[in-house]
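Student: Below is the structure I would like to discuss, written out as structure tokens.
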2 protein chains.
Amino acid sequence: MTAGTVSSSRSQRPPLWPVPHAAITFRDGFWAPRLKLNRERTLPAIQEQLERLGRFDAVNLEWRPGQQLEPEFLWTTDFTEWIEVASFHLAVQRDPAIEALVDKVVHYIGLSQQPDGYLDQRVHPTSVEERWLDLRDSHRLYAAGHLFEAAVAYFRATGKRDLLEIACRYADHIDQVFGRGEGQICGYDGHEEIELALVKLYRATGEERYLRLASYFVDERGQAPNFFEQELGSHGADDYFQRQGLPWRAEYNQSHLPVREQTEVVGHAVRAMYLYCAMADLAVELGDESLLHACRRLWKHLTSTRLYVIGGLGSTYRNEGMTEDYDLPNEAAYCETCAACGLVFWNHRLLHAELDGRYTDLMERAMYNNVAAGISLDGSRFFYDNKLATAGDHHRTEWFKVACCPPNVARLLASLGEYVHSQGDAEVVVHLYVRCDARLDLAGQRVTLHQETDYPWDGTIRIAVEPEQNLHFVLRLRVPGWCRHATLAVNGEVLQRAPDRGYVSVDRTWRAGDEVVLDLDMPVERVRAHPKVRADAGRVALQRGPIVYCLESVDNGPNLESLSLADDAPVDATFRHELLGGVVTLQARAERADESSWDRALYSTTVQDRAETELTAVPYATWDNREPGEMLVWVREC
Amino acid sequence: MTAGTVSSSRSQRPPLWPVPHAAITFRDGFWAPRLKLNRERTLPAIQEQLERLGRFDAVNLEWRPGQQLEPEFLWTTDFTEWIEVASFHLAVQRDPAIEALVDKVVHYIGLSQQPDGYLDQRVHPTSVEERWLDLRDSHRLYAAGHLFEAAVAYFRATGKRDLLEIACRYADHIDQVFGRGEGQICGYDGHEEIELALVKLYRATGEERYLRLASYFVDERGQAPNFFEQELGSHGADDYFQRQGLPWRAEYNQSHLPVREQTEVVGHAVRAMYLYCAMADLAVELGDESLLHACRRLWKHLTSTRLYVIGGLGSTYRNEGMTEDYDLPNEAAYCETCAACGLVFWNHRLLHAELDGRYTDLMERAMYNNVAAGISLDGSRFFYDNKLATAGDHHRTEWFKVACCPPNVARLLASLGEYVHSQGDAEVVVHLYVRCDARLDLAGQRVTLHQETDYPWDGTIRIAVEPEQNLHFVLRLRVPGWCRHATLAVNGEVLQRAPDRGYVSVDRTWRAGDEVVLDLDMPVERVRAHPKVRADAGRVALQRGPIVYCLESVDNGPNLESLSLADDAPVDATFRHELLGGVVTLQARAERADESSWDRALYSTTVQDRAETELTAVPYATWDNREPGEMLVWVREC
């Protein structure tokens, strides 16, 4: 099949698909409390912010120019992301109060939709030119994408169709306006999002025009001449890039090259991730190997040159994104929470395109570290950017002017169950290890999996397989890339299986009461960065299992940079149930430069006294939840 | 004497004063070529820039609103700094062509002076309010200060009085406008400079009103309520701080407290240095111990918490100045060339207020490192900011929009002789060691000193003392703070003398043919920074004598951060006459992280191969004079 065409009779199921999140019940100590807080605290907190900021008032206004509370840039998205978070929770447990509020908002969104389907809370222009002015920076199609995602989630959770119908009318309109035909706008959005959302809308409705439109947006991106450079004339003095003091470069929104020719992860990190998600989606839906090949190259580039050890990306606030290969500053890191969510979304799609544990490893790394750090342990405060070192002035806040990160991390957590297992026609794949119960439908049968484990703090995982009746299927279990030695046993019998692309398989007829035990060695590891990473030269990061550690001054006293760790110092791991919701901390003997001998000298050719000290490291995900202070991931080696 | 009052009959000569630069002839390998280039290349280069930018055309215009080539912010200063540089050279050797050009510019400057003395190339307002609008940011009195400095320098060099008279008329006018009297503006300039310039004007003319006016400006600064906060109403949307995205803070221009209450070096670095220069001047001229005391405290704060090892200051471009104690980032360092010049100016004044080798040490450190680095070895390109590490994107340029640094470093070099010796009624002090001849007038006699030395590459200094007739005086020789062992001999006889505040003294009757030999141990030193300096943790700077070293990729290959130096590795010093005009380079065995074993991995829990390598360091002052690339001062220790 050639790139960009859509088969008119798509009959093949994909080989693997995710088990829906509502089929999973978490019972673990890491995620379950976060999911509970997500519903009980974060969702209401987001709602309160929308109320506090007048969003609910504004949506009622059917706003016209000159009225008070003029809806701003991205207000629609604030609503629709909140609806999506709510929907993921409603899929698990319905809630009339929340639904009533969503229904009210949906009603007003519907009122603001034009007869031809166009929908914008801000302005109601009638001419095509005015409506789609400034595609580069206006986020109009981006907002449409989030509306589609919300519509699909709300429909799947409740069966209610109102928002889905609004979304489809809008998608139909966009499908008429955009394209390569005469009178159509041959362009695409400056912030990717609508592409992956159209695939979701297609999957929910079966309407292939949405898939074709997603394919058009992805294929058209980066074709010469550059659409945004053509469009530039419409930008005035208030131009986004001028305000930021940045030169406009097409790399910023990945429109510098046709997507299949892109080999480097460039520009705004969230935009890149959302584009790559759509590329992976289309690769699966269209069987388009050329898109998968492009994804593989981009993935390799990212992971070999531009990825932070916490599973994040974005080396500067200036473009909220990428700079140069190996440029991974720690204190200046951007690592936007949304980009890490996007990294999870992308790798989750890739592992369904081709099952490879490296994708799952990266997904897990991002989840347990950058994403989890994005939200406080009490579910009320958020990091927009996630630094890997700070002198003490970086802390979570309750909200942001551009409020993408709180609902993004909230929707990922609310739907986290979806990332644990996948299934095929006769197989079940376990990607993540977490104490949970999963109810799967396999070959028309209910199969229940009970995971018992203290993962991520312990590497032993017991999975009780409970088919309704004896059932033959392949159970695939991931052996994480960080694990150097794993043992697999079924009903007490050790099986010698080498992982194939990160997964070991057990192909058998399963009976109720069968138990699989996977033992993953989980020692403390010292991670070092490639010598070209200037920021990490002579430094080491501590990792155990999927958890990346950091030092905080609350445990180690001030001036974390004065600490250094010998490369042969033993590092002990201790589970501390009273700390940070229950975490494994690391302890080691280390050295500290001794300030006492310095008196008032700033420089010295003689003093270099060091004292022995104890170093304590906590999971990066849990930092900034106690007394505010310094934090450091990459510790100096001595 | 109380602060701020001026004795009406000042009869005392200060105990020490500088020997004028024109009395010194350099013959050394470090400064003499720089001084020659300064006259032959830098002075014409500055002149060419003024021509290229239409400055000479503009000065002729007697500009009125609406005309082309509207003189901009700081144009007057571009001229007057150029005149000052030219004057320092003319003091050594007259030059009719240069003088003709200066005289022409002076003529036009005179034409633009108003009958009442007011002088501004830009605007000719008549009301006091308009003339002195926006003292915080307009640089009007700053420009007046540079005019006064130029006028004094040109008068001293040539005896020509035209510019001096223009300056005096303007100073007289300012003296009428500013002060605490009725109808006067009780304010001062946002950029200090006029204060030190008025002291110079006083010294050149004997007019005590100028000294009193300088004293008023210094004393009034920082009195409550803050003048600039009172003035703020006059700032519009184009406000400097708004444009920079900085909050206005009175610390920025050292107006947060009365100067005698200031204990921390804060704000814009150049402004701070120029203020402190005036404080030191007034301390000497008025015998004002309270100002000297304030200077001592500020000096101690700077040198114990905020000074870069290269003798520079300023930790961020945002305020072109100071941040927090111990915040000395290397790649983000500002270390403006002008601030290092100002540090030299200030310490030169302090050592005349109280002879203490620590001031001279700092002056020397700034000169040989930050200041000397400010200009290329061919005299044509300049650093505005001087970083202590770069990945390769920091290089000198020919000019700057705000062109303070090129003439500032040029005027310091052109007058460098002034910093070598001081004299009192019966003493001669040698501050700097450099092969040179100095002609002094001491007690009515001509005394010649011939220094023979290869300093800063070698620590042996021979000084031939040649009085016209036998003469009794004290010869004081500085023993630098970096030197741990020094030997002094007179006519071959070793004298056991402990330095007193950094100087050893020989009190005797000097005869023609007497020779003093000072031997300063000059091993390679490893400098370490206080443990609170996060940027330098686990790092070492190499220094030998007054010279701070750095690594460049042109000598060491790419990725300087991958190099590390063992704390016991011998470091050899070699003079290389063919390199960078002839410098001592340092060589050591070091380790380099081995990239070859990394393949495409970005992170690894196993790889940490290191290879032995040779490290070569060159003087910081000479970096970026060969193939452009990386540079690093603080090398990692292993």
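The values are calculated or read from the model by the stated rules, or taken from the named source; none is laboratory data. In this text the structure is predicted, and so the values were computed from the model without any measurement. No Cβ is skipped: glycine too gets one built from the backbone with ideal geometry, and neighbour counts run over all protein chains shown. Keep in mind that these areas ignore ligands, DNA and RNA; they rest on the heavy atoms of the full protein, side chains included. Shrake-Rupley method; radii C 1.70, N 1.55, O 1.52, S 1.80 Å.
Student: Net charge around A:ASN386, counting only other residues with Cβ within less than 11 Å of its Cβ (Lys, Arg = +1; Asp, Glu = -1)? Before the final figure, lay out the partial values.
Tutor: Numbers: positive: A:LYS387, A:ARG396; negative: A:GLU336, A:ASP385, A:ASP624.
Once all neighbours under 11 Å are counted, the net charge is -1.
Student: At what distance in nm do the modelled label points of A:ASP172 and B:GLU515 sit from each other, each positioned 7 Å from its Cα along Cα→Cβ?
Tutor: Output for this residue pair reads 10.5 nm.
Student: Can you list the distances in nanometres, one decimal and ascending, from the B:GLY159 label point to the identical position in each other copy, with the point 7 Å along Cα to Cβ?
Tutor: Counterpart label points of B:GLY159 in the remaining copies fall at 10.9 nm.
Student: In whole Hz and in residue order, list the ³J(HN,Hα) couplings for region B:416-426 that follow from phi through the Karplus curve 6.51 cos²θ - 1.76 cosθ + 1.60, θ = phi - 60°; x for Gly and Pro.
Tutor: Going residue by residue, I get 4, x, 4, 8, 7, 10, 10, 9, x, 5, 9 Hz, with x marking Gly and Pro.
Student: Running Debye on region A:88-155 with equal point scatterers at the Cα sites and no solvent, what base-10 log of I(q)/I(0) appears at q = 0.15, 0.24, 0.26, 0.28 Å⁻¹?
Tutor: -0.59, -1.12, -1.23, -1.33
Student: Across peptide A:603-614, how many C-beta atoms of other chains are within 10 Å of each residue C-beta, on average? Walk me through the intermediate numbers first.
Tutor: Values: counts 15, 6, 11, 5, 3, 6, 1, 1, 0, 0, 0, 0.
Shielding by partners across A:603-614 averages 4.
Student: Turning to a different aspect of this structure: Apply the Karplus curve 6.51 cos²θ - 1.76 cosθ + 1.60, θ = phi - 60°, to the phi angles in region A:21-29 and return the couplings in whole Hz, x for Gly and Pro.
Tutor: 5, 5, 7, 10, 10, 7, 10, 8, x
Student: Another question, if that's okay. Place +1 on the Cβ of every Lys and Arg and -1 on the Cβ of every Asp and Glu in chain A, take the dipole about the Cα centre, and give the residue among A:SER380, A:GLY181, A:MET631 whose Cα lies farthest towards its positive end.
Tutor: The residue sitting most towards the positive pole is A:GLY181.
Student: If each of A:ASP116 and A:ALA97 carries a label point 7 Å out from its Cα toward its Cβ, how far apart are those two points in nm?
Tutor: The two pseudo-label positions are separated by 4.3 nm.
Student: Something else now. Name the trypsin sites (Lys or Arg not before Pro) in region A:303-391 that are in a loop by DSSP and that have at most 13 other C-beta atoms within 10 Å, would you?
Tutor: Details: sites: A:ARG306, A:ARG318, A:ARG349, A:ARG358, A:ARG365, A:ARG381, A:LYS387; in loops: A:ARG318, A:ARG381, A:LYS387.
Answer in residue order: A:ARG318.
Student: So for the pair A:ARG318, B:ASP500, with labels modelled 7 Å out along Cα→Cβ, what separation do we get in nm?
Tutor: Calculated label separation equals 5.6 nm.
Student: To continue, here is another question. Once you have the Kirkwood Rh of region B:524-637 from its Cα pairs, apply Stokes-Einstein at 25 °C and 0.890 mPa s and quote D in µm²/s. All intermediate terms of the calculation are to be shown ahead of the outcome.
Tutor: Details: Rh = 15.0 Å.
The calculation lands on 164 µm²/s.
Student: Cα-based Rg of the protein assembly as shown per 2.2 N^0.38 Å, rounded to two decimals? Write down the numbers at each step before the final one.
Tutor: On the way: Rg = 36.1 Å, N = 1276, 2.2 N^0.38 = 33.3 Å.
With N residues counted in the protein assembly as shown, Rg over 2.2 N^0.38 Å equals 1.08.
Student: Would you mind giving the mean number of other chain beta-carbons within 10 Å of the Cβ of each residue in B:595-602, as a whole number?
Tutor: Numbers: counts 3, 1, 1, 6, 2, 6, 5, 16.
Neighbouring Cβ atoms belonging to other protein chains average 5 per residue here.
Student: To the nearest 100 Å², how much accessible surface do chains B and A hide from each other in total, with a 1.4 Å probe? Working shown, then result.
Tutor: On the way: alone 25290 and 25220 Å², together 46630 Å².
Approximately 3900 Å² gets buried when B meets A.
Student: Here is a further query. Using a 7 Å offset from Cα along the direction of the beta-carbon, what are the separations from B:ARG318 to the same position in each other copy, nm, ascending?
Tutor: Ordered by distance, the counterparts are at 1.7 nm.
Student: Okay, moving on. Ratio to report: Rg/Rh of chain B, with Cα atoms as the point set and Rh obtained by the Kirkwood method; give two decimals.
Tutor: Numbers: Rg = 25.1 Å, Rh = 25.8 Å.
Across chain B, the Cα-based Rg/Rh ratio is 0.97.
Student: Give the calculated FRET efficiency between A:GLU614 and A:ALA224 to the nearest 0.05, with a Förster radius of 56 Å applied to their Cβ-Cβ distance.
Tutor: On the way: r = 60 Å, r/R0 = 1.07.
FRET efficiency, A:GLU614 to A:ALA224: 0.40.
Student: I'd like to check one number: the per residue accessible area of region A:423-520, probe 1.4 Å, reported in Å² as a whole number.
Tutor: Working: 4180 Å² over 98 residues.
Here the residues of region A:423-520 average 43 Å² of exposed surface.
Student: Continuing with this model, one more query. Find, among the residues of chain A, the one whose Cβ sits nearest the axis of the rotation taking A to B; state the distance in whole Å.
Tutor: That would be A:GLY538, 3.
Student: Which GluC sites (Glu not before Pro) in region B:98-203 pass both tests, a DSSP loop state and at most 11 other beta-carbon atoms within 10 Å? Don't skip to the end; give the middle numbers.
Tutor: On the way: sites: B:GLU99, B:GLU129, B:GLU130, B:GLU149, B:GLU165, B:GLU182, B:GLU192, B:GLU193, B:GLU195; in loops: B:GLU182, B:GLU192, B:GLU193.
Listed in order of number, the matching sites are B:GLU182.
Student: If I take every Cα pair under 8 Å that is 6 or more residues apart in region B:524-637, average their sequence separation and divide by the length, what percent do I get for the relative contact order? If you can, show how the numbers build up before the last one.
Tutor: Numbers: 215 pairs, mean separation 41.1, N = 114.
Result for region B:524-637 is 36 percent.
Student: Let me ask something additional. Hey, for B:PHE575 with labels 7 Å out along Cα-Cβ, what do the inter-copy distances come to in nm, ordered shortest first?
Tutor: 7.0
Student: Could you derive backbone 3J(HN,Hα) for region B:38-49 from the dihedral phi with the Karplus parameters 6.51, -1.76 and 1.60 (θ = phi - 60°), listing whole Hz in sequence and x where the residue is Gly or Pro?
Tutor: These are the phi-based 3J(HN,Hα) values: 4, 6, 7, 10, 6, 4, x, 5, 4, 4, 4, 5 Hz.
Student: Tell me the carbon and sulfur percent of the accessible area for the protein assembly as shown, rounded to whole percent, probe radius 1.4 Å.
Tutor: Details: 22040 of 46630 Å².
C and S fraction of accessible area: 47 percent.
Student: Same structure again: Determine, for chain B, the count of lysine pairs separated by eight or more sequence positions (or lying on different chains) whose alpha-carbon distance falls under 23 Å.
Tutor: Numbers: B:LYS104/B:LYS160; B:LYS160/B:LYS200; B:LYS300/B:LYS532; B:LYS387/B:LYS401; B:LYS387/B:LYS532.
So the count of such lysine pairs works out to 5.
Student: Follow-up question, since we're still on this one. Please report the relative contact order for chain A, taking Cα pairs under 8 Å with a sequence separation of at least 6, and give it as a percent rounded to a whole number. Can you show the working numbers first?
Tutor: Numbers: 1268 pairs, mean separation 83.4, N = 638.
Rounded, it is 13 percent for chain A.
Student: Loop-only GluC sites (Glu not before Pro) in region B:423-473, please: DSSP not H, G, I, E or B, and at most 16 other Cβ atoms within 10 Å. Walk me through the numbers on the way to the answer.
Tutor: Values: sites: B:GLU427, B:GLU452, B:GLU468; in loops: B:GLU468.
Those satisfying the criteria are B:GLU468.
Student: Put simply, what bits of region B:558-587 lose 50 Å² or more of accessible area when the other protein chains are there, versus the chain on its own (1.4 Å probe)?
Tutor: Residues losing area: B:GLU561.
Student: Taking 8 Å as the Cα distance limit and 6 or more residues as the minimum spacing, I'd like the relative contact order of region B:423-520 as a percentage.
Tutor: Details: 216 pairs, mean separation 28.9, N = 98.
Value for region B:423-520: 30 percent.
Student: Check A:VAL474: other-chain or 5+ apart residues with amide H under 5 Å from its amide H, H built from backbone geometry?
Tutor: Result for A:VAL474 returns A:GLU427, A:VAL428.
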